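Here is the structure we will look at, set down as structure tokens.
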Amino acid sequence: MAIPIFKVDAFTASVFGGNPAAVCPLDGWLPADVLQSMAKENNLSATAFFVRNGHGAIDLRWFTPACEVELCGHATLATASVLFREFGVEQDALRFQTKSGELVVTKRGELFVMNLPARPPAPTEVSPNLLPALAGPSPQEILAARDYVLRYRSEDEVRKLCPNMEELKQVDRFAVIVTAPGEDCDFVSRFFAPAKGIPEDPVTGSAHCTLTPYWANHFAKAELHARQISARGGELFCTLLGDRVEIAGRAALFLKGQITI
């Protein structure tokens, strides 16, 4: 069986930056264990698989090297870029049916704009091994939604964190987000999910479903400019819309080819 594959760098205008995602169009769904094996073989933080469902929408699923996830922003953006640019989709909006409900992506100039559910963080009890695993200065605040959110004083503190990934695997949340006010943007972040096969994700759309409402409340404004300051780095434009967020970014195609299984 031959399956097309596209590799797209998301949240960047040029290759070798942002977050690489694999995108695989399918004629129909393969068994989940086959999809998981393909994602593990790709060894990227996410592989997206989509099937046109014949009713004007597209069924979309995402897999890390270790598991299927219910929401992945950068692989959604990558999929939209493939459909708009490589498949010549002319409609104004793409409607994806996912485990997180319907997700709509529109094209606005060079930006792909995703409408995603907001996940505002709230006070939480803290896993006792969380702060020792991060081995850095004490954060100013610890909250959680799906992921822990730790706010630090400065971009420099966030940049210098060197987490112990084996210890982070033991925390009781999907992932850990660290964040602080930015020097040339509203806020910066990093994202760690070693238990899910992603030690540090280069740029994480789903994390901004939590960071956008948090920083929108902090700055008392709805539109925010964000950067994820991983080694590859990425840029996001975020807008809070009540219980939804818009997360926009660019994408660059790196590779297209074929998987044979």
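The values are calculated or read from the model by the stated rules, or taken from the named source; none is laboratory data. Keep in mind the model is a prediction, meaning the values are calculated, not measured. Here the Cβ is made from the backbone with ideal geometry for all residues, glycine too, and neighbour counts use every protein chain on show.
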Problem set entry | Sole exception among (1) within 23 Å of S45 (Cβ to Cβ); (2) not in a loop (DSSP other than H, G, I, E, B) for R173, by number | (2)
For this session: Could you tell me whether region 21-28 includes any residue that is under 21 Å from I229 (Cβ atoms), at pLDDT 95 or above and of a type in the set (A, V, I, L, M)?
Result: yes
For this session: Scan region 79-129 residue by residue and report those that are of a type in the set (A, V, I, L, M, F, W, C), surrounded by fewer than 19 Cβ atoms within 10 Å (Cβ to Cβ) and under 19 Å from A248 (Cα atoms).
Result: F84, V89, A93, V104, L111, A118
Seminar exercise, completed: Checked against (1) within 25 Å of W215 (Cβ to Cβ); (2) at pLDDT 95 or above; (3) out of contact with any Lys or Arg (no Cβ under 9 Å at 6 or more places or on another chain); (4) surrounded by fewer than 15 Cβ atoms within 10 Å (Cβ to Cβ), V34 satisfies every condition except (1)
Exercise. Do the conditions hold for S45, that is, is it outside the structural domain of S230 (by TED's automatic domain parsing), assigned to a loop (DSSP other than H, G, I, E, B) and either in contact (Cβ under 8 Å) with a residue 40 or more places away in the chain or not hydrophobic (A, V, I, L, M, F, W, C) (or both)?
Worked result: yes
For this session: Determine whether V89 is at negative phi and modelled with pLDDT under 95.
Result: yes
Exercise. Could you count how many residues in region 176-189 are surrounded by fewer than 22 Cβ atoms within 10 Å (Cβ to Cβ) and within 14 Å of the chain's Cα centre (by Cα)?
Worked result: 0
For this session: Would you mind telling me which numbered condition in (1) crowded, with 22+ Cβ neighbours inside 10 Å; (2) in contact with an Asp or Glu (Cβ under 8 Å, 6 or more places away or on another chain); (3) closer than 23 Å to R153 by Cα; (4) among the small types (G, A, S) G205 fails?
Result: (2)
